[in-house]
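The values are calculated or read from the model by the stated rules, or taken from the named source; none is laboratory data. Worth saying up front: this structure is predicted, and the values here are computed from it rather than measured. Positions of Cβ are generated from backbone atoms using ideal geometry, with glycine treated the same way; all protein chains shown enter the neighbour counts. Keep in mind that these areas ignore ligands, DNA and RNA; they rest on the heavy atoms of the full protein, side chains included. Shrake-Rupley method; radii C 1.70, N 1.55, O 1.52, S 1.80 Å.
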Amino acid sequence: MLPFALGLAAIGCGIGLGLIGFAAMNGMARQPEAIGKLQTPMLIALAFVELVFLLTVFVGAGSFKP
Amino acid sequence: MQDLVLNAQWFLAEATTHAAEAGGEHGGGHGGHATLSFMGLMIYTFAIAGLIMILMAFAKKGLKDRVFKGRLLQYFEQLHGFVENLCVGIIGGHGRKYMPMIYTLWLMIFVSNLVALAFPSSPTADLSFNLGIALLAIGYVQWEGMKANGVFGHWKHFAGPKLPIALIPITLMIFVIELISEVMKNVSLSLRLFGNIDGGHQAATAMNELGKESNLFLVKYLPFGAFLMPIKMLTCVVQALIFCLLFCVYLSLVTHHDHDDHADHAHGEEGGANAHPATT
């Protein structure tokens, strides 16, 4: 059950990261001069999405009892 | 010479992990993943701090010249400029006075992350060290917040917007929630760093198990985990960057004020423009 749950978490994390990357890439392609301004919020958002997955892996999986 | 290397490896493995204290029960199962003991963490931390201090001492050489000529000094200057850009971009013009703290944290985390590439463990791959620096960072944010708006003003900042006196339960609830989120900042900062660096170690360990069943010598002893090295190097830079970035954001949240706004705008476009998306 645990690998399945981790896979689900990875799917969600992937979708979230993909959405952020998609939006940031779109913005950067439309307005190349805004790259410097876009990168910082993008990195922050990436960090927040990633944290959910890490929480799942280290806290959720660590406290998992089969 | 070989003996020396072997002894050093044994020392690193024995002295720095819990395996020495657990009496060898650690073995199979997790595939070599071991948490650092207290002594091991101290060894790693002081080794890295010493490394940074030695490099800085060498870099100090040409500091009095009009033009920086030393190669090492130029590296450190570039790094300082990079971190300062980050800091001033997020916090604004008054962000320069927080540079010593931010740069120290950056150097410590970045060098620890680089050490994590080559060594079996590293301070940032250990949750206690990460929690320590996260507590330090958030404590520093509280201190700076109290210095910027006074003790009462800083605590009032947790209570949210000014509401009519009849809505005091809501203010109390906001206060409690803000306090919890302030505590959770520690957890998120430390767990993110720990998860990324330790997760990299575990992924490399798991990938090294890949060819174990093969009969081919090359496949059996090929370190598959080494193929993760490029992405681990990327993680090194990005995690140090994100830690400092979030630290700057938290600092800018508590030290951002109306009377500072004019100063920010006077300092130029990039300070004011960058500050906004980050602070929301």
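Worth a mention:
- Taking each residue of the range B:144-159 that is over 14 Å from B:Ser252 (Cβ atoms) and surrounded by 16 or more Cβ atoms within 10 Å (Cβ to Cβ) and looking for partners that are of a type outside the set (Val, Ile, Thr) and modelled with pLDDT under 85 with beta-carbon atoms closer than 7 Å, six or more apart or interchain, yields nothing.
- Residues of the range B:209-230 that turn out to be in contact (Cβ under 8 Å) with a residue 24 or more places away in the chain and open to solvent by 60 Å² or more (accessible area, probe 1.4 Å), as a count: 2
- Of the numbered criteria (1) facing chain B (nearest Cβ under 7 Å); (2) within 30 Å of B:Ala125 (Cα to Cα), the one A:Val49 fails is (1).
- Residue list for the range A:7-24, restricted to those being within 14 Å of chain B (Cβ to nearest Cβ) and either in contact (Cβ under 8 Å) with a residue 40 or more places away in the chain or assigned to a loop (DSSP other than H, G, I, E, B) (or both): A:Ala9, A:Ala10, A:Cys13
- So B:Arg71, is it touching a residue at least 12 places away in the same chain (Cβ under 8 Å) and open to solvent by 90 Å² or more (accessible area, probe 1.4 Å): no
- Failed criterion for A:Ala9 (all others in (1) open to solvent by 50 Å² or more (accessible area, probe 1.4 Å); (2) modelled with pLDDT under 90 hold): (1)
- Residue in the range B:194-212 that is nearest to B:Val111 (Cα to Cα), counting only those that are away from chain A (no Cβ under 14 Å) and assigned to a helix (DSSP H, G or I): B:Ala204
- Residue within the range B:78-90 that is exposed (fewer than 12 other Cβ atoms within 10 Å of the Cβ), assigned to a helix (DSSP H, G or I) and of a type outside the set (Ser, Thr, Tyr) present: yes
- The range B:161-186 - residue that is in contact (Cβ under 8 Å) with a residue 24 or more places away in the chain and within 14 Å of chain A (Cβ to nearest Cβ) and, of those, surrounded by the most Cβ atoms within 10 Å (Cβ to Cβ): B:Asn186
- Considering (1) out of contact with any Leu (no Cβ under 7 Å at 6 or more places or on another chain); (2) assigned to a helix (DSSP H, G or I), the lone condition that B:Asn215 does not fulfil carries the number (2).
- Condition broken by B:Gly92, with the remaining ones in (1) closer than 16 Å to B:Leu114 by Cα; (2) modelled with pLDDT under 85 satisfied: (1)
- Number of the condition not met by B:Gly81 [criteria: (1) within 30 Å of A:Lys37 (Cβ to Cβ); (2) touching a Gly at 6+ places or on another chain (Cβ under 6 Å)]: (2)
- Top-ranked residue of the range A:33-66 - restricted to ones that are open to solvent by 80 Å² or more (accessible area, probe 1.4 Å) and in a helix (DSSP H, G or I), ranked as nearest to B:Gly89 (Cα to Cα): A:Lys37
- Under the condition of being more than 12 Å from chain B (Cβ to nearest Cβ) and touching a helix residue (DSSP H, G or I) at 6+ places or on another chain (Cβ under 9 Å), the residues counted in the range A:25-40 number 3.
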